[in-house]
Amino acid sequence: MARRTKEEAAATRDSILDAAEKLFVEQGVSRTTLQHIATQAGVTRGAIYWHFDDKGALFNAMMERVTLPFECALSSLGKSDATTVLADLRQYFIEIFRVTETNPQARRVLEIASLKVEFVSEMDAVRVRRRQSKGEMMEQVVERLKLAQAGGQIRADVDPQLLATGLWALMDGLIRNWMFEPTSFSLIDLGGNMIGTMLDGIRTR
């Protein structure tokens, strides 16, 4: 009986998070109340408070249960060597675009985190997570570019930190533009070609 109650509680929690995710996408975080979420989930506000202290805690729990696209394949970069690093970097960014374009939940949460939330008070955790994820990614990309440079794969005059910043800006800007008009272009195809063009431009000849 206790196990069933625990499973029921977990199911209720998931239904609340699902409802919040749906409403945050449709009407933004600030315009969505706990009552809206309760009605959408078919529960009482008391049930929400049983699981979450407030809307900020609910929002953060929604974010925590999803791996964001730019976090999805970060570990793969550590497996590169000097001869494969540029191809591996391109594939890493393509994987970010693939997850964004083909994983509905990851796309919804990324859209909420990028376009549908004001980074104030209790909602600031998502900005902290984004900053940490960006820092980890930048560190890995810079390290890989330095490896490629040491191996003679890219020009000696290339600044790895500057290039990594440019790759992040390209990826982030392209995803934001795609989220506004998802049917206007293929994120995977265009993103892969743009990243490839940028990386080809720094190769040694």
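The values are calculated or read from the model by the stated rules, or taken from the named source; none is laboratory data. Predicted model only: the values in this text are computed from it and were never measured. Using ideal geometry, Cβ is built from the backbone for each residue, glycine included, and neighbour counts are taken over all protein chains shown. When the accessible area is computed, the model is the full protein with side chains, heavy atoms only, and any ligands, DNA or RNA have been set aside. Shrake-Rupley method; radii C 1.70, N 1.55, O 1.52, S 1.80 Å.
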Of the residues A113, F52, C72, the Cα lying farthest along the dipole of the chain towards its positive end, which is defined by charges on the beta carbon of Lys, Arg, Asp and Glu, belongs to F52
Given R₀ = 22 Å, FRET efficiency for W168-E26 by Cβ-Cβ distance, to 0.05?
-> 0.15
Listed peptides 133-145, 16-28 by packing density, highest first (mean Cβ within 10 Å) = 16-28, 133-145
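Need the full-extension length gain, E143 to T5, defined as separation in residues times 0.36 nm minus the C-alpha distance. One decimal, nm.
Difference between extended and current length: 44.8 nm.
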How much length is gained on full extension from V128 to D81, taking 0.36 nm per residue of separation minus their Cα-Cα distance?
-> 13.8 nm
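Quick one: if the Förster radius is 30 Å, what FRET efficiency do E118 and F185 give, using the C-beta to C-beta distance and rounding to 0.05?
Calculated value: 0.60.
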At a 1.4 Å probe radius, carbon and sulfur cover how many percent of the accessible area of the chain?
-> 51
In nm, the gap between the two label points placed 7 Å beyond Cα toward Cβ at M198 and L34 is 4.2
Determine the dipole magnitude for the stretch 54-201: charges of +1 sit on the beta-carbon of Lys and Arg, -1 on that of Asp and Glu, nothing else is charged, the reference point is the Cα centre, and the result goes in debye to the nearest 20.
-> 160
Restricting things to alpha carbons, tell me how big the stretch 54-201 is in terms of Rg and Dmax, in Å.
-> 16.1, 54
How large is the dipole of the stretch 1-52 about the Cα centre if only Lys and Arg carry +1 and Asp and Glu carry -1, each at its Cβ, rounded to the nearest 20 debye?
-> 180
Once all protein chains are kept in place, R203 shows an accessible area at probe 1.4 Å, nearest 10 Å², of 80
Leaving ligands, DNA and RNA out of it, rank Y49, Y92 by accessible area with a 1.4 Å probe, largest first.
-> Y49, Y92
What is the Cα radius of gyration of the stretch 1-52 over 2.2 N^0.38 Å, N being its residue count?
-> 1.18
Accessible area per residue in Å² at 1.4 Å probe, computed on the chain | 52
Can you send over the solvent-accessible area of F180, 1.4 Å probe, protein chains only, in Å² to the nearest 10?
-> 150
